[in-house]
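Below is one structure, written out as structure tokens; comments come after it.
The values are calculated or read from the model by the stated rules, or taken from the named source; none is laboratory data. Bear in mind that the values here come from a model prediction, so they are computed numbers and not experimental data. A quick note on method: Cβ atoms are made from the backbone with ideal geometry, for glycine too, and the neighbour counts reach across all protein chains shown. Side chains are part of the model used for accessible areas, which takes the heavy atoms of the whole protein and leaves out ligands, DNA and RNA. Shrake-Rupley method; radii C 1.70, N 1.55, O 1.52, S 1.80 Å.
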Amino acid sequence: RGLGHIRLRFDDNLFDSVGQTSCMNGPKVENGNLLCPSIGRVRHIGPLFDASNDPLGGLPITANAIIAGPTGGFGWLLNLDAGSPKSLQIDQIEVDSSTTLMLAIPYPQGVSFSISAHAPWCSPISAHSCTELFTAADSIAHVRYSQGNKYYYDTDTKLLYIRVIMFPVGYTGDNLISQTAMWHLWDFDDLNNKPWDNRQHALDRYSFSGVLLPKYSNGNYIKITADCDGPGLYCANTPPYIELDVCPSDYIQVAFDKCCASSGSTNCHDFTTPPTMAPTTPPTFGSTSNLFYNPGFEDSSLAPWYANSGTVQLDATQKHSGTQSALCKDRTAVWMGVEQNMDGDGRFEANATYRVSCWAKLRNAGSATLEMTLKTVDDEGAHWKGISTTINNNSWTHLEGDLTVDAIGALSEVYLYINGPGSGVEYWVDDVSAILVP
């Protein structure tokens, strides 16, 4: 057992109203109206906390969506009144790795997910990575006992599960247990290996007289993006919650984390095992991670992205997720756009296939073609290939497809850039991804 703390962000306008028009200090009721009303509920998973025992459905979630409570149980269930969020950011994470914080959220069947962890003010090097892309597991248990970079969608209960863990400020992977940067389950004994940072340990904490409390890493966040139908910020047809049978046969739930033969019985079932600190399946570089550096343009600078011509700048007025995106402007040809060199650190290799994607939105045109273009240089010169889709100025559009790095002889250069609209057309790009296809 332990204590956990997280903050949720799923509606920027709602979040920004905190302290301004809602959830302010002082009175909480005015003329009979709540000034910080509930917009959802959170509760422990299991029949002990179902509607027959708690008709309200748990504790209220407000615009100031901060949750704190016991961890180590079957999980926290989040239900928002408006439905399943298309985009959910989890930050201010505080949880000891010796306990498990499972978060479950209902989603319609058929939804695809992109889930990733991000560190701010991060420049990737061999010893540190800045983004970790979560991969799908085949059971709740595999998420529970994972290193915190797995997710599972249960088609029976229509619930998405992730394990929420703390990771160090400024990076999502280090070389404490590997030769190159790797995500893993950090504990409070792990040392900080950033030579420019004078903190002793990788994870921040409050410590006094033998008492240790986790302290969240400012700026770190986990992002859940759900590709689902529905207007606005929420999926259409959010499924009703189906109570999960958390206990084995002949046992009943007697606590948020315990099943026993009866209330007060000492004949109890222990479903937990201590988490391991080393990855259960050590991945090779690029097998599970997003291969782009600064993929969400959340760093303080554009680097290592750059304009192959024209102008590319960070812009906080529009973003698919996070706090900013990349704006491409001053373009005089269709090939101009934002580009990243992909041949360093063995990220893109000859004859391998990568699933690439991005989100884009037009600024000053109604409709245009957007492309993700792969440029390679080998013994026979330069080659280009790409994928494309139509984007608009009303909403963010997702582009995704597979690209193979064909090479004749030695592969000497690899670039990927996002281009396509005609001369003078400006557009935003966000949440770029490239994953090795097995």
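In the set (1) open to solvent by 20 Å² or more (accessible area, probe 1.4 Å); (2) at negative phi; (3) within 17 Å of the chain's Cα centre (by Cα), Q92 fails one condition alone, (2). Of the residues in the range 373-388, not one is open to solvent by 40 Å² or more (accessible area, probe 1.4 Å), in contact with a Phe, Trp or Tyr (Cβ under 7 Å, 6 or more places away or on another chain) and either closer than 25 Å to D227 by Cα or among the hydroxyl-bearing types (S, T, Y) (or both). Residues satisfying the criterion are absent from the range 106-116 (criterion: under 19 Å from I177 (Cα atoms) and either over 12 Å from the mean Cα position of the chain (by Cα) or open to solvent by 10 Å² or more (accessible area, probe 1.4 Å) (or both)).
Being without any contact (Cβ under 8 Å) to a residue 40 or more places away in the chain, surrounded by 14 or more Cβ atoms within 10 Å (Cβ to Cβ) and under 25 Å from S87 (Cβ atoms): is that true of I391 here? Yes. Checking each residue in the range 106-125 for being aliphatic (A, V, I, L, M) and outside any strand (DSSP E or B) picks out V111, A119.
Residue count for the range 1-39 under the criterion of being assigned to a strand (DSSP E or B) and surrounded by 14 or more Cβ atoms within 10 Å (Cβ to Cβ): the result is 10.
With the condition kept exactly as written, say whether any residue in the range 63-73 is among the small types (G, A, S), under 24 Å from T21 (Cβ atoms) and touching a strand residue (DSSP E or B) at 6+ places or on another chain (Cβ under 8 Å). Within the range 63-73, one or more residues are among the small types (G, A, S), under 24 Å from T21 (Cβ atoms) and touching a strand residue (DSSP E or B) at 6+ places or on another chain (Cβ under 8 Å). Residues in the range 175-227 that are surrounded by fewer than 18 Cβ atoms within 10 Å (Cβ to Cβ), closer than 24 Å to E298 by Cβ and basic (K, R): K194, R199, K215. Return yes or no: is N149 closer than 30 Å to L34 by Cβ, in contact (Cβ under 8 Å) with a residue 12 or more places away in the chain and of a type in the set (S, T, N, Q)? The answer is no for N149. In the condition set (1) among the hydroxyl-bearing types (S, T, Y); (2) more than 22 Å from E349 (Cα to Cα); (3) modelled with pLDDT under 95, Y415 is compliant with all but (2). The condition of being crowded, with 16+ Cβ neighbours inside 10 Å and in contact with a Pro (Cβ under 9 Å, 6 or more places away or on another chain) holds for only one of L362, L327, L399, L403, that being L362. G148: out of contact with any Phe, Trp or Tyr (no Cβ under 6 Å at 6 or more places or on another chain) and surrounded by fewer than 22 Cβ atoms within 10 Å (Cβ to Cβ), yes or no? In short, no.
Can you run down the residue pairs with Cβ atoms below 8 Å, 6 or more apart or on separate chains, where the first is in the range 235-253 and over 12 Å from P47 (Cβ atoms) and among the aliphatic types (A, V, I, L, M) and the partner is open to solvent by less than 60 Å² (accessible area, probe 1.4 Å) and at pLDDT 85 or above? Hits for this filter: A236/G83; A236/P108; A236/C228; A236/G230. Name, by its number, the condition in (1) within 25 Å of L213 (Cβ to Cβ); (2) not in a loop (DSSP other than H, G, I, E, B) that does not hold for F74. So the condition that F74 fails would be (2).
Is the range 167-185 home to any residue that is over 29 Å from L78 (Cβ atoms) and either touching a Ser or Thr at 6+ places or on another chain (Cβ under 6 Å) or at pLDDT 90 or above (or both)? Yes, because at least one residue in the range 167-185 is over 29 Å from L78 (Cβ atoms) and either touching a Ser or Thr at 6+ places or on another chain (Cβ under 6 Å) or at pLDDT 90 or above (or both). Before we move on, is P108 out of contact with any helix residue (DSSP H, G or I) (no Cβ under 9 Å at 6 or more places or on another chain) and touching a residue at least 12 places away in the same chain (Cβ under 8 Å)? So P108 passes the test. Among the residues of the range 40-65, those that are among the aliphatic types (A, V, I, L, M) and open to solvent by 40 Å² or more (accessible area, probe 1.4 Å) comprise L48, A51, L56, L59. Listed by first and then second residue, the pairs linking a residue in the range 309-330 that is farther than 17 Å from S87 by Cβ to a residue that is among the charged types (D, E, K, R), with Cβ atoms under 6 Å apart and 6 or more places separating them unless they lie on different chains, are G310/D330; G310/R331; T311/K329; T311/D330; L327/D315; K329/E426.
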